[in-house]
Amino acid sequence: MNKKISLGAAIAYMALVAAVVFAITSIRSANIFNDKLKNLDEREATYDKLSEIDRYVRDNYYGDIDEDALLSGAAAGYISGLGDPYARYLTPKEYEAYQKTDDGQYVGIGVVTELSEDGYIRLRTVYPDSPAASVGLQEGDIIISVDGEPARADNYAALTAAFKGDVGTKLTLVKRQDNNETTLEITRSQVNTPTVTSQNISGSGYIRFSNITAATAEQLDRAVRQLTQEGVSALIFDLRGVSSSNAEYVMDMLELFCPKGDIACSKAKDGTLTSLGESDGASYDLPMAVLVDDTTVGTPELFALVIQQNSKGKVVGLTTAGQGSIQKDYKLIDGSGLVLTTALYATTDGETYNGVGVSPDYRVKLNVADSERANIYGVQEVDTQLGKALEVVTVLAKTENAVAGSTAVAAD
């Protein structure tokens, strides 16, 4: 049975609801206003202090004032006062250079050279898919002339610098081999510097990174594809000594190994998580280990942490550097810039590593001086961290095969 209420009662009820809503809104608005007022008071105190300092300096300072230097110094001091080791103020010239950070690419012919004993140019490395490789140049080839100028010890630096230039321009080299000379014309183009090397070690794929650039994910994919064709049963990623701050490149790398869904996130000051990248589904499904130490810095740490969260991934080595903050740059009106920390890197469940690093599942220290560590990375006979990683992935692979075998029997 429906009860009827009078028009007066309904109006009174609506007025009560409106009063409650108004009261709540007023309290919230008052809190917001008070917070803003507090911020305004703090800002006013800051500006007053700066104005006071400026007045004393201009009235009493003996020397001349360089207004540009003074302004830049004040801006730099303001950012320094944040106490953030990664935030900084950049002059217009510094900001321009910052915008042109090395992306692992350059225009040239794609070689690494050295001076031969007889004063010629020896090719120590020829990058795959480079202009040099396309005309048949190989590691160890001797170049005796560049654009008609004979190669000598005293012009080695100038001639090798000429290997770089503008896209589409041509370079003429003369190669000597077995007393035969061959003239080659090479067109300079964009060259991706290799950042990935790989080898099959005892049935496991060992992948060493020298850097992380826009081309790294593609190079990694190529290396893993080759290793899987060789029949490796596990993968080891060596990120010791690698520092990077570009999350996009690492997301592209992780997409090869992560299940479908978000890969990692940024975590804002208020705790909000924002996806940094998504995976359509892992391309490679093998037991994995990641080699890290205290020289693993930035987004390579995020790579290790995400792999660690995968039930097939283990981290071996030492705790990483703990640089897990995200910086964003802002261009100012005069061309200068600011670099500010705006968030932290995090896993999809909000775990961060800033200031603490990524802890290994297996802690292993190299018994050599820190200055010598890089020289033994990847040398199986003396690299104890690599040895442990090989042991770990071998066990993981055997366990996975055993599980797969039992599942197959059960299915029969």
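No lab work stands behind these numbers, since they all come straight from the coordinates. Remember, predicted model here, so these are calculated numbers, not experimental data. Counting neighbours? That spans all protein chains shown, and the Cβs are built from the backbone with ideal geometry, glycine included.
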(request) Compute the acute angle (0 to 90°) between the alpha-carbon long axis of helix 67-80 and the principal axis of greatest extent of the alpha-carbon atoms of the chain; round to the nearest 10°. (result) 80 degrees
(request) Averaging sequence separations of C-alpha pairs under 8 Å and six or more residues apart, then dividing by the length of the range 105-192, give the relative contact order as a whole percent. (result) 34 percent
(message) Under a crude label model (7 Å from the Cα following the beta-carbon direction), how far is residue 380 from residue 44 in nanometres?
(response) 7.3 nm
(message) If the elastic network links every pair of Cα atoms under 10 Å, which of 166, 329, 66 fluctuates the most in the Gaussian network model of the chain?
(response) 66
(message) Connecting C-alpha atoms closer than 10 Å in a GNM of the chain, tell me which of 74, 289, 158 has the biggest fluctuation.
(response) 158
(request) Read through the labelled values (i) -0.32; (ii) -0.28; (iii) -0.43 and report the label of the one computed as log10 I(q)/I(0) by the Debye sum over Cα atoms at q = 0.06 Å⁻¹ from the structure. (result) (iii)
(message) Among 83, 73, 63, which one shows the highest mean-square fluctuation when the chain is modelled as a Gaussian network with alpha-carbon springs under 10 Å?
(response) 63
(message) Compute the helix-to-body angle for 299-309: its Cα long axis versus the longest principal axis of the chain, expressed 0 to 90° and rounded to tens.
(response) 80 degrees
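Anything over 19 Å Cα to Cα? Flag those among 267/328; 49/331; 312/398; 269/331; 365/398; 49/269, in the order listed.
Those over the limit are 49/331; 269/331; 365/398; 49/269.
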(request) Could you work out how far apart the two model spin labels at residue 334 and residue 152 are, taking each label as a point 7 Å from the Cα in the direction of the beta carbon, and quote it in nm? (result) 5.0 nm
(request) Report, in degrees rounded to the nearest 10, the 0 to 90 angle that the Cα long axis of helix 7-60 makes with the longest principal axis of the chain. (result) 60 degrees
(request) Give me the aspartates and glutamates in straight-line cross-link reach of residue 388: C-alpha distance below 12 Å, same-chain residues under 8 apart excluded. (result) 361
(message) Only counting other Cβ atoms within 10 Å, I'd like 176, 58 sorted with the fewest neighbours first.
(response) 58, 176
(request) May I have the extent of the alpha carbons of the range 105-192 along their three principal axes, as whole Å values ordered from largest to smallest? (result) 31, 24, 20
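Quick one: longest stretch of the chain between exposed loop GluC sites (Glu not before Pro), exposed meaning at most 12 other C-beta atoms within 10 Å and loop per DSSP? If you can, show how the numbers build up before the last one.
Values: sites that count: 117, 139, 230, 381.
Result for the longest clean stretch: 231-380.
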(request) Could you order peptides 316-322, 206-212 by the average number of other Cβ atoms within 10 Å of their residues, highest first? (result) 316-322, 206-212
